[in-house]
1. At 222 nm, what helix-only mean residue ellipticity would the chain give, in deg cm²/dmol to the nearest 500, using -39500 (n - 2.57) for each DSSP H run of four or more?
2. If you wrap the range 26-178's Cα atoms in a convex hull and average its projection over all directions, what's the area in nm²?
3. How big is the accessible area of Ser145 in square angstrom, nearest 10, if you roll a 1.4 angstrom probe over the protein chains?
4. Enter the accessible area per residue of the range 557-712 (Å², integer; probe 1.4 Å; all protein chains in place).
5. Based on the Kirkwood radius over alpha-carbon pairs, what is the Stokes-Einstein translational diffusion coefficient of the range 376-519 at 20 °C with 1.002 mPa s viscosity, in µm²/s?
6. Just want the answer: with Cβ charges of +1 for Lys and Arg and -1 for Asp and Glu, which residue in Gly383, Ala103, Ser204 is farthest toward the dipole's positive end in the chain?
7. Starting at 0 and stepping by 5 Å, how many percent of the alpha carbon pairs of the range 724-817 end up in each bin?
8. If packing is taken as the average count of other Cβ atoms within 10 Å, what order do 103-111, 85-93, 22-30 fall into, highest mean first?
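The values are calculated or read from the model by the stated rules, or taken from the named source; none is laboratory data. Remember, predicted model here, so these are calculated numbers, not experimental data. When we count neighbours, we look across all protein chains shown, and the Cβ atoms used for this are built from the backbone with ideal geometry, even at glycine. For the accessible areas, the whole protein counts, side chains as well, though only heavy atoms, and no ligand, DNA or RNA atoms are used. Shrake-Rupley method; radii C 1.70, N 1.55, O 1.52, S 1.80 Å.
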Amino acid sequence: MSKQVSVTIDGITVSVPDGITVADAAKMAGIDIPVFCHHPKLEPVGMCRMCLVEVGRPMLDRATGQVVLENGQPKIQFMPKLETACTNRVSEGMVVMTISDKAKAGQKGTVELLLTSHPLDCPVCDKGGECPLQNLTMAHGPGKSRFNYDEKMHLEKMIPLGELMWLDRERCIQCARCIRFQDEVAGEAVLGFDERGRSTQIISISDPGFDSVFSGNTSDICPVGALTTADFRFGARPWELKAEASICTQCPVGCNTTINTRREAKAGGDVVVKRIMPRQNEEVNEIWLCDKGRFGYHYTESKKRLTRPMIRKDDKLARASWDAATKLAAEKFSADKKNFVVLASGRLANEDLFNLKSLADHAGGTALLYSDMGGGELTQLVGVGAGTNIGNMGKGDAILVVASDLYEEAPIWWLRVKQAADRGATLIVANPRETKLDRFAKYAIRYSYGDEVKTINDLSKKSKISDEFAKARNAIVLFGSEGLSVNSSTAVASACASLLQETGHVGRANNGLIGVWQRANDQGAFEIGFQPEEDLEKALKGKSVYIVGADPVGDSPALAKALNSAKFVAVQEILETATTEIADVVFPAQAYTEREGTYVSGERRVQRFHAAVPATGDGKPDFAITSMVAKQMGIILEGSAASVVFDILSHSIDAFTELNYAKLAEFHGQWPIVGRGDLYYGGTTYENTQGLGVQLTPTAQTEGTVRIPKVRKEAVLRPREKDLLAVPVNKLYDLGVMIASTELLEQRIGQATFTLHSTTAKKLGVEAGQKLALSFDGGGGEAIVKIDDTISTGVVLVPRGMGLAIREPVVAHVQTRSAAGKVK
């Protein structure tokens, strides 16, 4: 615990950590000092002068250095001028006056100055109702302006900084919060000041504009209506909105969110989602969201939403009753028994996955996880210990990132790992190519695709890097699936687990293994007993398949072929997909915005989400649909309430023992203090009063030493003289059903690319921006050439989820063009 000092603020004596700012100390004491430029997550700069206060310090005897006493008490000496509370650090015996006449005059003068060029457009401003300037003007500003209207600065009001963010230059008060966030927190200095004096204005200094996946956060911390999102701009008034706690479904981080909704006339009187906002959880996402999590919810309101059950008749899908649809599926599944396969993805909640696994077990079938990545059994053994918080890691700790581009796969983890490195943690990035995280790494290890396990094993041998990792006070390893298959990613997880156990970094908080999974609840699926299949095509061929929350037909021609030869296919989905088009039965499921449930994050934190809008059509929660199918098969599964399913789950799976919805809803105070009552301090982020979740305890923490299962070594593919080695990489914005339907993100999705070393491109006779056609086992196609000289020659990076159907490393053949331009 840091050293405490005693300070007196407005006559109240409090004990606060030594060295924090006066503004933060006052906040801890429950005293609000008005601020604009100051934010507790940013370094102080003292730009706006709103926090002017009187500061007194104990007088010291120049000869002895001792505190001068007066009537037995320290003599306090006040400076003749007001000081900024955001830049002054507290010290023992300090006395602060925030509401003296002198302080109030200074604060009033600052507001008056800011209003000299601020437009009086509160009635049409998006920030109205949650605007710090509006609130502080009412509390501290003058009732009448002494400045002439003609002297106001008139600047541009609708400037796109990027495709997601808009700037109103007239409203900007030059607090630099947005600039500092992008520089200090995000590590992407894409904004800056231009001009000087009253003409100072914010500009984007990147191409494309505002090139960052964290841009939406600047709108949250902007103290005025200068920065607005393209998604919410002129969309609604904050006081019209209702708020419901939720969890982001876009990646395994498990960011806490708030869904803002309202009843809308243009939606026919329906309640609709207006925006997604961050909800504070300092152990998960702090008060931030990535843009994918903020803007990627629109698939839930797509026109392609399924609304009624359907049965195939005369080779066409036709509407049917729930009873008829579930009865047909049940008859087919019962008839096949051992040839019955459940294929589900980590898009589903724990309650859904539990009922599906129970159905498969009772029916004698198989439960498969739709994923290209394995290793979940290792994270159950040596996952990060309960109490883990990357935000507490710094000097003396180590973080190893293997086979993962965190910026593209889990941006908030990228942010938190980067910040841990900023605090002094030893960051080691091991990847075959350069990633954005390398800039903050102390050590960047390059290896050839296929040498992942060897590289990790080498860290057990004597070297400077291995010594630093082994001697670290705490150490975490994050492993991904770049260039890997199901089996090879499992082998990587095993090697990482062994390294952690050998160095004593398991079984306690801030130590252990984290999987950078491809979907939000892949970890939950592993906990419940699902496993991915290396040869999924073979596993599906000729079977009766129950597909839930996955689109294998749209992802892979090979899987489409396998499912076309299946005996029977039932699909349970939110949207119309390529897989629903070939189904024999289709069940419409509710979106996460329409129901409640739980997810398990990559850090094995179980968290609740709540219903925010009514269900679409006749859609039902996935667990309820599975319960209806099971009932038709003579199997009783709970289907009435998610909370009851979770209770059964917690009594059935040891890792979830003693958990229930009430426990997941527990919360405690967090720092910094944020909330809707003091928007000028922490921004528009929602405080968390609906639950911080509970981290599952890994086996190593409950039982000590564990046995790490060894994985059979497989043959490694290498580039060939005439062919390329195609390796799969993950892309943040792809053509998956959850993103492709969001028009706002089309520019960020972009086109499919083949990334080559310049030497390889030259050998093939192609340049950046040109099209190249490749074919490989199970997939291929045409894509735009991109150059990256940090990858090996003979290798081509192929993004997953962009219509090129790659699940694992494969040999790729270059297709030539005929004189007519057709691909041969």
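1. Computed ellipticity for the chain at 222 nm equals -6500 deg cm²/dmol.
2. Approximately 12.4 nm², given one-decimal rounding.
3. Rounded to the nearest 10, the figure is 70 Å².
4. Normalised by residue count, the accessible surface of the range 557-712 is 39 Å².
5. Calculated translational D: 147 µm²/s.
6. The residue sitting farthest along the positive end of the dipole is Ser204.
7. 3, 15, 25, 25, 18, 10, 4, 1
8. Most protected by this proxy first, the peptides run 22-30, 85-93, 103-111.
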